[in-house]
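Visitor: After the structure tokens below, expect a handful of questions from me.
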Amino acid sequence: MSRDRLRFAAVGLGLLAFALRVVVAFWWQPLTWRMGDSAGLGFAAEYGLYGLGMLVAAVVPAGGYAVLTWRHWRLPATFLVRDSRFVARSNPILFGLWSILLLYFAGGMVPARRVPNQYAMRLNTDPLPLFLVAATLVAALVVVGVALPFLTRPRVELGPDGVLIQRLRSQSTIPWTLLAPGGPLPPAKRARQIWLYVAGPVRYTRYQVPLSVDVEPTFLAYAIRHYVDHPDGRAAIGTDAELERLRTVAAG
């Protein structure tokens with residue numbers, strides 16, 4: 001499965017997590033009450049069965065996504081070539097997992113209440129203002145969860161003129177000529193960012209490069225450092241031939 005299709009798979013499994021979480025609340029939970037009364041199970045046993053249902057609702061979608069993505073966990077040491085630039089888009093696996101988790105929690109926030117004297121649950125619409133607030137919150141979480149795998153940010157682009165860094169709420173464009181030579185250094189294990197430094201009149205200004213993009217962090221740091229220190233190669237950035245040369249040099 002391609003990395004782009006993983007984004008669609010995450011949405012589908014996230015919606016499954018949402019549906020299963022609703023099923024647990026409206027069908028499985030009343031069933032545990034019925035089983036508890038008929039079989040003489042204790043309060044703790046009933047809640048244990050309910051907790052098991054919640055666990056299954058989370059593990060089935062997340063486990064399915066893990067099966068689909070296990071071959072893709074190792075980030076690629078390459079870029080996409082787009083519009084004469086080297087592009088690192090958002091990590092589909094990371095944002096896909098967040099999507100499934102968010103949609104699971106959204107399903108658990110659907111307002112529900114027990115039908116008096118029955119083994120049943122129903123939608124809780126009383127009082128109406130609180131129901132509308134809860135429904136709006138659930139709808140907002142669903143929208144965010146569905147959109148999350150398709151976010152265009154964070155994003156890092158390398159072009160002949162410099163580095164474009166698009167974060168979730170801001171972006172920076174840094175010309176190659178301003179970047180301090182010899183950097184950025186390879187990121188530490190489990191680092192969440194690398195830093196680019198621009199020399200100022202008094203001190204360096206640093207820019208954060210997020211590592212939640214779909215490129216292997218050490219390769220990303222090497223690529224930026226390579227073009228900082230080798231200005232003769234910048235004009236060829238954004239071509240397939242230059243990308244192949246860069247990968248060969250990095251591997252050697």
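Visitor: Go ahead and run the numbers for FRET between Val198 and Thr248, Cβ-Cβ distance against an R0 of 30 Å, rounding to 0.05.
Guide: Numbers: r = 29 Å, r/R0 = 0.97.
With R0 = 30 Å, the Cβ-Cβ based efficiency is 0.55.
Visitor: Pop out the carbon and sulfur fraction of the accessible area of the chain as a percent, whole number, probe 1.4 Å.
Guide: 63
Visitor: As I understand it, the value is the acute angle between the Cα axis of helix 217-229 and the longest principal axis of the Cα atoms of the chain; what does it come to in degrees, rounded to 10?
Guide: Long axis of 217-229 versus the principal axis of the chain: about 20 degrees.
Visitor: In percent, what relative contact order does the chain have, based on Cα pairs under 8 Å that are 6 or more apart in sequence?
Guide: Once normalised by length, the contact order is 22 percent.
Visitor: Can you pull a Stokes-Einstein diffusion coefficient for the range 73-201 at 4 °C (1.567 mPa s), Rh from Kirkwood over Cα pairs, as a whole number of µm²/s? Let's see the in-between values first.
Guide: Details: Rh = 18.7 Å.
After rounding, the answer is 69 µm²/s.
Visitor: Continuing with this model, one more query. With semi-axes √(5λ) of the Cα gyration tensor in Å in mind, check (i) 35, 19, 14; (ii) 49, 19, 15; (iii) 34, 23, 14 and report the label derived from this structure.
Guide: (ii)
Visitor: Further, regarding this structure: For the range 162-252, what does the accessible surface come to per residue with a 1.4 Å probe? Please give it in Å².
Guide: I get 58 Å² per residue for this part.
The values are calculated or read from the model by the stated rules, or taken from the named source; none is laboratory data. Owing to the predicted nature of the structure, the values given are computational and were not obtained by experimental measurement. Neighbour counts are summed over all protein chains in view; Cβ atoms, including those assigned to glycine, are modelled from backbone coordinates with ideal geometry. With ligands, DNA and RNA removed, areas are computed over all heavy atoms of the protein, side chains included. Shrake-Rupley method; radii C 1.70, N 1.55, O 1.52, S 1.80 Å.
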